[in-house]
Each structure stands twice: as structure tokens, then as C-alpha cells.
Amino acid sequence: MEVRFLGHACFELAEGDTRVLIDPFLTGNPRAAIAAEDVNPSVIVLTHGHGDHFGDTIEIAKRTGAPVVAIVEIANEVAEEGVQTFDPNMGGTVKFDWGWVKLVPAWHTSTTPKGTVSNPAGVVVSLGGAVVYHLGDTALFSDLQLVGKRHPIDLALMCIGGHYTMDSTDAVDAAQLVGAKTVIPCHYNTFPAIEADAEAFKSDVESATGSNVVILEPGEAHTL
Ligand code: NI
Ligand code: MN
């Protein structure tokens with residue numbers, strides 16, 4: 001599987017003909033690696049409704065026909081636009097012919113740009129035999145460890161920027177709890193409020209845990 005970081009918390013997971021696009025905030029993202037009109041996902045997955053995650057979801061889904069997987073309240077809002085949706089709730093799994101997407105808890109808030117309130121989530125994606133856990137926006141909390149107990153995590157996509165989420169110090173504890181083989185940090189250095197030192201995070205995680213940290217600049221990819 002190829003994992004491409006598109007900036008902020010946006011990633012595309014690709015295996016064969018399947019492209020899973022998570023949290024497509026591209027328009028208005030000062031560090032976006034690609035324009036919204038240049039992505040061509042098979043499916044779009046949302047962790048929560050904040051604008052820096054919901055982003056270009058509607059435009060991309062309408063243009064490409066990609067269905068949107070989001071927690072039920074957000075899925076209902078998206079469906080009103082005539083977009084195909086899957087509407088799990090926390091703990092629910094949506095199965096596809098290529099794998100599955102599961103919503104797990106995150107400690108944060110969530111309101112869409114149109115005002116739909118829901119719980120925020122993390123998302124676990126199984127694609128090509130690999131399990132990827134995008135933590136979404138979250139604080140550090142002990143139940144992060146339950147996700148990896150149930151589904152050993154090959155790759156964790158982890159916010160480290162602080163202010164709106166856990167910072168790069170709390171994220172070291174999160175990495176310990178998740179226990180992924182590889183961690184890619186995200187949700188930092190997009191805006192002044194969320195500046196973080198990813199190299200320090202990498203060194204802290206690699207000395208305190210068994211995880212390897214891969215730092216990607218927007219536009220760069222990592223192959224699992
Ligand atoms: Ni958020
Ligand atoms: Mn965010």
C-alpha cells in the first residue's frame with residue numbers, strides 16, 4: 001500500500017485501483033500538496049466535521065462519484081447534496097470489496113461548516129492486508145490502546161500539533177498506547193497555532209516505543 005500525505009490531516013491510501021482519501025482539506029490549506037480537482041478517490045472517509053477535515057468533500061464526491069464514509073450525522077448532511085454515503089456510528093464497520101472502514105472514538109469536538117454537530121472519530125482502514133489507524137483530531141486518552149488490541153496497527157496517522165489536539169509530547173504516549181509498526185505525524189505546521197518539531201517527536205517515539213516514525217512533507221509518499 002502506498003500512503004501519500006496531502007497536507008494537514010489529509011492522506012490518500014492506495015492499493016491497486018483503490019484509493020481511500022481521508023479528510024480532504026485542500027482548498028484553503030496553505031500546505032496542500034494537490035488541488036481538490038486533481039484527486040480521484042474511490043472513497044472518501046471523514047474523521048469529523050471541522051472545516052480542516054471536511055474540506056472539499058462535497059466537490060470531490062460530486063465530481064468523481066466517490067461515496068463518503070462518515071459518522072451518521074455528517075453522512076446525513078452529505079447525502080442531502082445527492083452524494084452516496086455510508087453512515088456508521090462509533091464502533092461500526094463498513095465493508096467494501098477491497099477491505100473495510102471502522103469508526104473508533106476520539107476525544108475532540110465536531111461541527112461541520114454547515115453546523116451539523118456530531119461526535120468526532122478516529123478511522124481504522126483495512127486495505128491490501130494492512131491496517132491504518134488515522135486518529136483524527138484527539139487528545140491523549142487511555143482507550144487509544146484498545147484499537148490496536150483488536151486490530152494490530154501497521155500504520156498510525158497521528159496529530160501532533162497541539163492547541164486543537166494533543167501535542168507532540170502527549171503524542172509520544174499515544175504512540176506507546178497505539179503500538180503501530182510505523183507512525184506518520186500530521187496536523188502540525190499548517191498554521192502558526194500548531195507548530196511542532198516532528199524530528200523531536202520522531203526521536204522521542206523511537207526511543208520510548210517500538211514504533212518507527214516516518215516524517216512526510218506534503219506530497220511525499222511512504223510504501224508499507
Ligand atoms: Ni477538529
Ligand atoms: Mn483539525
Candidates Val125, Val172, Val147 - the one that is assigned to a helix (DSSP H, G or I) and under 28 Å from Asn29 (Cα atoms): Val172
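For the stretch 185-207, which positions are closer than 11 Å to Leu135 by Cα and either more than 16 Å from ligand 1 (Cβ to nearest atom) or without any contact (Cβ under 8 Å) to a residue 40 or more places away in the chain (or both)?
Passing the criteria: only Pro185.
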Filter result for Val172 (touching a Ser or Thr at 6+ places or on another chain (Cβ under 9 Å), over 26 Å from Gly91 (Cβ atoms) and among the β-branched types (Val, Ile, Thr)): yes
Members of the stretch 104-115 that are open to solvent by less than 50 Å² (accessible area, probe 1.4 Å), under 19 Å from Phe25 (Cβ atoms) and either assigned to a strand (DSSP E or B) or small (Gly, Ala, Ser) (or both): Ala106, Ser110, Gly115
Residue list for the stretch 11-45, restricted to those being within 14 Å of the chain's Cα centre (by Cα), in contact (Cβ under 8 Å) with a residue 60 or more places away in the chain and within 16 Å of ligand 1 (Cβ to nearest atom): Phe11, Ile22, Asp23, Val45
Qualifying positions in the stretch 162-186 - within 16 Å of ligand 2 (Cβ to nearest atom) and more than 19 Å from Val3 (Cβ to Cβ): Gly162, His163, Tyr164, Thr165, Met166, Asp167, Ser168, Asp170
Residues satisfying the stated conditions in the stretch 94-148, i.e. of a type in the set (Gly, Ala, Ser), more than 16 Å from ligand 1 (Cβ to nearest atom) and out of contact with any helix residue (DSSP H, G or I) (no Cβ under 6 Å at 6 or more places or on another chain): Gly99, Ser126, Gly128, Gly129, Ala130, Ser142
Enumerated helices (runs of 4 or more DSSP H) restricted to the stretch 1-103, each holding at least 3 residues that are surrounded by fewer than 19 Cβ atoms within 10 Å (Cβ to Cβ): 57-64, 72-79
The stretch 162-184 residues that are free of Cβ contacts under 8 Å to residues at least 60 places away in the same chain and among the β-branched types (Val, Ile, Thr), paired with ones that are open to solvent by 20 Å² or more (accessible area, probe 1.4 Å) and within 16 Å of ligand 1 (Cβ to nearest atom) (beta carbon under 8 Å, 6 or more apart): Thr165/His108; Thr165/Ala139
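The values are calculated or read from the model by the stated rules, or taken from the named source; none is laboratory data. If you're wondering where the values come from, they're calculated on a predicted model, not measured in any experiment. Ideal geometry is used to build each Cβ from the backbone, glycine not excepted, and the neighbour counts take in all protein chains shown. Ligands, DNA and RNA are excluded from the accessible area calculation, which covers all protein heavy atoms including side chains. Shrake-Rupley method; radii C 1.70, N 1.55, O 1.52, S 1.80 Å.
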